[in-house]
Amino acid sequence: MYIYIMTRITYVTILFCTLFFFGKTTLLAQESPLKHSTKLIQPPYLKAGDTVAIVAPSGVIKNGVKEIEQAKALLKSWGLHAIVGKHVFSKYNHFAGTDDERCEDFQNALDNPTVSAIWCARGGYGTVRILDKLDYTKFKNHPKWLVGYSDITGLHNQFNNEGIESIHGIMCLSLPDDISTIEKPIATFKAALFGEQMSYTLEGSKYNRPGTAKAPLVGGNLTLLHTMLGSKTSIDTDGKILFIEEVGEYKYHIDRMLQSLKRAGYFDNCEGVIIGGISKVRKNTTDWGTSIEQLFLDALADYNFPVAFNVPAGHEKDNRALILGRTIDLKVDKDKSTIVFE
């Protein structure tokens, strides 16, 4: 009887432990964020006769008719057709139309099987308000390129999480009166759309942290990357090279955002970081005490991946195209760095 009781107790104990272990494992698996595929779908490259939809998912467009006409003329010079969203020139307080109107234009561009690329007219602020309203079901049957930067980072993140490459590049309101003054950004925008080989040799920096990496490129505007933290639109940076650019922020605010990303584990498994334009840094009454480059290096001091500065992308005149989601070969040295898109 004693043996029987002990055997039964042992059996129940083992059963309980087994159920507890596997139950806990299952629960942890359910609670862990989903990791997104590192191999993204490449939308078809454009060819003469294709259509580009111009939309405004963010801030209001003030006196931008000339720039939109310039954008249409540029596309026409490449043999492309342009269609302009119904609400591109709408105004609702800060935004280019209400959330529903901006969402309608973007959704129509996503769903239209004859549209090969979506070119954002401008950034500003507003994409975060429509992200959860968009449906990518039809889009996945006809993937197309998204082009933009700044506030469009929210949409780039979502495209990445949907498994689709996108283009970080100039927008319609980026076009000056004389577009020959931004010859390189326009040439790289065209190269990205039409599938030409892309590579960059970057100006060296004494702040560069030398090294090499080969991994998919993700990222965009620092404020937007920070804004997406904790949401389903936050990107998986594991095994990726992270691109960061920013405009109009205090150094202490840039550091605060980097520290927040760091505490969230954003950099833990990165393969590298490349820094684009950190533009129009605002002057605080209390001096930060170091350069913006050193600020980044201090925030990233706990990691040993390569860090490259002087990437010509962001809120500067020289804003060259980057294909987000595409694997790049990154080589960083003090005298120069190179980026080669696969």
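The figures follow:
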item: Kyte-Doolittle at least 0.0, axis length at least 15 Å by Cα - qualifying DSSP helices, the chain; result: 2-31, 183-194
item: Net length gained if the chain between Leu134 and Tyr303 were fully extended (0.36 nm per residue, minus Cα distance); result: 57.2 nm
item: Only Lys, Arg (+1) and Asp, Glu (-1) charged, at Cβ; region 160-250 dipole about Cα centre in debye; result: 360 debye
item: Asp318-Lys206 pseudo-label distance in nm [points 7 Å out on the Cα-to-Cβ vector]; result: 2.0 nm
item: Peptides 129-137, 218-226 ordered by average Cβ neighbours within 10 Å, highest first; result: 218-226, 129-137
item: For Ala82, distant residues with modelled amide H under 5 Å away; result: Val52
item: Long-range amide H partners of Phe95 with built H, under 5 Å; result: Val60
item: Spacing of the two label points (7 Å from each Cα toward its C-beta) at Tyr125 and Arg263, in nm; result: 2.2 nm
item: Rh by Kirkwood over Cα pairs, then Stokes-Einstein D for the chain at 0.890 mPa s and 25 °C, µm²/s; result: 114 µm²/s
item: The chain - share of DSSP beta bridges that are antiparallel (%, nearest 5); result: 45 percent
item: Residue among Ala187, Leu173, Leu131 farthest towards the positive dipole end of region 102-199, charges placed on Cβ; result: Leu131
item: Shape category assigned to region 210-289 from the gyration tensor of Cα positions, a/c cut at 1.5; result: prolate
item: Unit charges on C-beta of K, R, D, E only; dipole of region 274-342, Debye; result: 300 debye
item: Debye, to nearest 20: dipole size of the chain, +1 on Lys, Arg Cβ, -1 on Asp, Glu Cβ; result: 320 debye
item: Whole-number percent relative contact order across the chain, with pairs defined as alpha carbons under 8 Å at least 6 apart; result: 18 percent
item: Solvent exposure of the chain as accessible area per residue, Å², 1.4 Å probe; result: 48 Å²
item: Within region 141-200, GluC sites (Glu not before Pro) in DSSP loop having at most 16 other beta-carbon neighbours inside 10 Å; result: Glu196
item: Paramagnetic reach from Trp78 in region 119-135 [backbone N under 19 Å; point 7 Å along Cα→Cβ]; result: 119-123
item: Over region 196-312, relative contact order from alpha-carbon pairs under 8 Å, at least 6 apart, %; result: 36 percent
item: Radius ratio Rg over Rh of region 243-309, counting only Cα atoms, Kirkwood formula for Rh; result: 0.95
item: Those lysines that a straight Cα-Cα span of less than 25 Å connects to Lys72, excepting residues fewer than 8 apart in one chain; result: Lys47, Lys62, Lys86, Lys91, Lys144, Lys184, Lys190, Lys317
item: Against the rule of thumb 2.2 N^0.38 Å, how large the Cα Rg of region 130-286 comes out; result: 1.11
item: Trypsin sites (Lys or Arg not before Pro) lying in DSSP loop within region 244-335, provided at most 10 other Cβ fall within 10 Å; result: Lys283
item: Sequence-separation-based contact order of region 53-186, relative, with Cα cut under 8 Å and 6+ spacing, percent; result: 28 percent
item: Top positive-direction residue, dipole computed over region 73-112 with Cβ charges, set Phe106, Leu74, Gly85; result: Leu74
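The values are calculated or read from the model by the stated rules, or taken from the named source; none is laboratory data. This structure is a prediction, so every number in the text was calculated from the model and none was measured. Here the Cβ is made from the backbone with ideal geometry for all residues, glycine too, and neighbour counts use every protein chain on show. Ligands, DNA and RNA are excluded from the accessible area calculation, which covers all protein heavy atoms including side chains. Shrake-Rupley method; radii C 1.70, N 1.55, O 1.52, S 1.80 Å.
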